[in-house]
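The values are calculated or read from the model by the stated rules, or taken from the named source; none is laboratory data. Here the structure is a predicted model, which means the values were calculated and not measured. Cβ atoms come from the backbone with ideal geometry, glycine included; neighbour counts cover every protein chain shown.
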Amino acid sequence: MHKFAITISYEEYPSVDDLSHTDKDLCFEAVKALANSHSPYSEFRVGAAVRLLSGKVVYGSNQENVAYPSGLCAERVALFTIGSTYPGDKIISMAITAHTDHFKIMQPITSCGACLQVMAEFEKKQSNPIEVLFYCQNGPVIKTHGIKSLLPFAFAEARLKK
């Protein structure tokens with residue numbers, strides 16, 4: 001038997017005001033994306049804003065469906081839009097935020113495993129890490145420098161390429 005340990009690395013900022021101008025702007029763009037959330041069942045809106053190397057910002061918001069598994073998270077909406085509309089542009093960073101009228105969110109909301117796997121695929125495809133900002137509008141911001149800190153065992157199988 002061999003024992004291993006995984007250490008993750010991230011930064012936590014007390015407030016969005018402590019971020020660089022570029023990161024702060026991207027967090028505010030994620031807030032704008034909340035407006036297009038279709039979340040009549042959970043009433044939990046999620047917005048994502050993704051900055052591309054070209055400077056373009058692409059938005060995503062959660063899209064629910066009465067048949068719950070048919071919905072899609074904000075992150076994947078944005079990433080799949082990039083894959084189909086801007087396939088040659090590299091992703092530099094993305095910001096994700098959430099809001100509900102039912103309670104005050106006090107900690108950053110992080111991405112689900114399915115979204116992390118899609119992020120990992122985009123990193124692999126572009127051979128560049130993606131910075132991710134989890135923005136809590138009432139509290140701290142978590143910043144990671146690549147998906148490996150969030151999903152160290154992302155699924156990958158080189159033999160599927162054939």
Completion exercise
For region 4-54 the number of residues that are part of a helix (DSSP H, G or I) and among the aliphatic types (A, V, I, L, M) is 7
Practice task
Sort through G83, G71, G139 and tell me the only one that's surrounded by fewer than 20 Cβ atoms within 10 Å (Cβ to Cβ), under 21 Å from L52 (Cα atoms) and among the small types (G, A, S).
Solution key: G83
Problem - Matching residues, region 125-160, being in contact (Cβ under 8 Å) with a residue 12 or more places away in the chain, touching a helix residue (DSSP H, G or I) at 6+ places or on another chain (Cβ under 9 Å) and either among the hydrophobic types (A, V, I, L, M, F, W, C) or more than 26 Å from V16 (Cβ to Cβ) (or both) - result: I130, V132, L133, C136, V141, I147, L150, L151, A154, F155, A156
Exercise for the section: Output the number of residues of region 1-47 satisfying the condition of being modelled with pLDDT of 95 or more and either closer than 16 Å to H145 by Cβ or among the hydrophobic types (A, V, I, L, M, F, W, C) (or both). Expected result: 20
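When you scan region 121-130, do you find a residue that is surrounded by 13 or more Cβ atoms within 10 Å (Cβ to Cβ) and of a type in the set (S, T, Y), even just one?
Scanning region 121-130 turns up no residue that is surrounded by 13 or more Cβ atoms within 10 Å (Cβ to Cβ) and of a type in the set (S, T, Y).
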Fill in the blank from the handout: Scanning region 118-142 residue by residue, those of a type in the set (D, E, K, R) and within 20 Å of L34 (Cβ to Cβ) turn out to be none
Exercise for the section: Please specify each residue of region 105-162 satisfying the condition of being of a type in the set (A, V, I, L, M) and modelled with pLDDT under 95. Expected result: I147, L150, L151, A154, A156, A158, L160
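Run down A120, A78, A114 and say which single residue is of a type outside the set (F, W, Y), touching a Ser or Thr at 6+ places or on another chain (Cβ under 9 Å) and either in contact (Cβ under 8 Å) with a residue 24 or more places away in the chain or within 23 Å of E12 (Cα to Cα) (or both).
Matching residue, one of A120, A78, A114: A78.
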